[in-house]
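For reference, the structure discussed in these notes is given below.
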């Protein structure tokens with residue numbers, strides 16, 4: 001089953017310096033029927049204006065993964081990490097027992113990113129941080145495995161049986177993803193348009209997929225993100 005979630009149905013938050021679309025309940029948006037999808041607790045589609053951003057703030061007991069679509073993200077945290085990441089980079093923060101961090105746009109163009117929060121498999125875990133800048137060829141017309149559990153061979157491990165993949169497909173190219181038994185997917189079209197399991201998707205749209213494999217046909221250049229996890 002594939003459930004299409006159009007971008008214009010997502011909750012919209014506009015703070016001037018920050019424009020967001022919330023896929024699940026977050027901040028001022030609360031909907032008891034839309035709290036999470038499996039282990040995926042938050043997916044925010046954020047556009048952050050130049051020389052603004054999130055000041056230092058705390059987190060605890062959450063796996064936080066950020067994917068940069070365009071612009072540059074400057075991260076700084078209480079573990080001493082500070083770096084700037086651009087298009088196609090992924091950043092991971094396991095808040096565990098507690099950590100503070102800031103996320104800023106110190107560049108000269110809008111910063112567009114997808115921030116996901118994944119529920120960890122236990123509480124009070126040791127905080128950790130990781131990031132990776134990938135060669136664009138590694139996601140060109142194929143799936144790039146960004147993030148996975150400690151049992152996988154990804155460069156960024158998280159404290160949960162969940163995986164994240166990304167691909168950039170050329171127009172008219174197709175790509176499939178075989179979904180394992182008792183597994184499910186959350187799909188995010190970050191750029192472009194595609195036909196997914198026979199349905200038309202526009203930029204920003206999302207989908208819940210369970211009980212069937214995923215088939216993507218690029219109707220334009222398309223940039224797509226997957227979160228794969230256990231099915232509830």
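The values are calculated or read from the model by the stated rules, or taken from the named source; none is laboratory data. Model, not experiment: these values are computed from the prediction. When we count neighbours, we look across all protein chains shown, and the Cβ atoms used for this are built from the backbone with ideal geometry, even at glycine.
So the values come out like this:
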quantity	calculated
Condition check for residue 91: on the phi < 0 side of the Ramachandran plot, free of Cβ contacts under 8 Å to residues at least 40 places away in the same chain, surrounded by 13 or more Cβ atoms within 10 Å (Cβ to Cβ) and out of contact with any helix residue (DSSP H, G or I) (no Cβ under 6 Å at 6 or more places or on another chain)	no
Selection count, the stretch 214-232, where residues are in contact with a strand residue (DSSP E or B) (Cβ under 6 Å, 6 or more places away or on another chain), surrounded by fewer than 18 Cβ atoms within 10 Å (Cβ to Cβ) and closer than 28 Å to residue 149 by Cα	2
Sole residue being in contact (Cβ under 8 Å) with a residue 12 or more places away in the chain and over 15 Å from the mean Cα position of the chain (by Cα), chosen from 213, 205	213
Identity of the residue in the stretch 105-118, touching a strand residue (DSSP E or B) at 6+ places or on another chain (Cβ under 6 Å) and surrounded by fewer than 19 Cβ atoms within 10 Å (Cβ to Cβ), that ends up modelled with the lowest pLDDT	106
Subset tally (residues that are surrounded by 13 or more Cβ atoms within 10 Å (Cβ to Cβ) and closer than 25 Å to residue 91 by Cβ) for the stretch 148-182	21
Hits in the stretch 62-113 - residues which are assigned to a loop (DSSP other than H, G, I, E, B) and closer than 16 Å to residue 132 by Cβ	72, 81, 86, 87, 88, 89
Some residue of the stretch 51-61 being at pLDDT 90 or above, within 21 Å of residue 160 (Cα to Cα) and not in a strand (DSSP E or B)	yes
